[in-house]
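See structure below.
The values are calculated or read from the model by the stated rules, or taken from the named source; none is laboratory data. Since we're looking at a predicted model, the values are computed, not measured. Accessible surface areas use protein heavy atoms only, side chains included; no ligands, DNA or RNA. Shrake-Rupley method; radii C 1.70, N 1.55, O 1.52, S 1.80 Å.
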Amino acid sequence: MLNITASAKKYLNYKRIKKNKKYILLDLKPSGCAGFEYTWSYCDAPDTTDRLVDDLIVVGNAAQEGVSGSTVDYNEELLGSYLTVTNPNVVSACGCGVSFTI
């Protein structure tokens with residue numbers, strides 16, 4: 001369903017512990033000019049329709065089909081760090097790269 005790199009697991013686990021939460025929640029929301037954007041938050045208990053991946057990321061019910069087959073990675077560069085989602089379901093993205101169509 002969702003692949004999580006070792007660096008992303010380490011980073012997300014650190015963030016989860018720092019916020020004293022059990023899981024990281026990945027979901028999609030309608031947004032921007034292309035249709036959707038990823039949302040990241042914390043949760044302590046997944047809903048019955050959510051999917052738990054690697055006992056770390058809860059994928060919201062609405063996002064499951066849209067992120068299926070994606071890879072979550074964490075990148076560190078000289079000027080900052082960030083999470084990336086490489087999603088094979090994306091058909092197009094807006095120019096700023098925030099929103100996308102699936």
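Summary table below
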item	result
Protein-only accessible surface order, largest first, of Tyr14, Tyr23 at 1.4 Å	Tyr14, Tyr23
Length added when fully stretched, Asn75-Lys19, from 0.36 nm per residue minus Cα-Cα	18.1 nm
Two-decimal Rg/Rh across the chain, once Rg and the Kirkwood Rh are taken from alpha-carbon atoms	0.96
Listed residues Gly80, Gly32, Gly60, most fluctuating in the chain (Gaussian network, C-alpha, under 10 Å)	Gly80
Cα-based Kirkwood hydrodynamic radius, segment 48-89, one decimal, Å	11.7
Whole-Hz couplings from phi, Karplus 6.51/-1.76/1.60, listed for segment 52-63; x for Gly and Pro	9, 10, 6, 6, 9, 9, 9, 9, x, 3, 5, 9
Computed [θ] at 222 nm, helices only, for the chain once each DSSP H run of length n ≥ 4 contributes -39500 (n - 2.57)	-4500 deg cm²/dmol
For segment 77-91, Karplus couplings with θ = phi - 60° (6.51, -1.76, 1.60), whole Hz, Gly/Pro x	10, 4, 9, x, 9, 6, 8, 10, 10, 8, 10, x, 8, 6, 8
Set of aspartates and glutamates near Lys22 by C-alpha distance (under 18 Å), chain-local residues within fewer than 8 positions excluded	Asp44, Asp47, Asp50, Asp54, Asp55
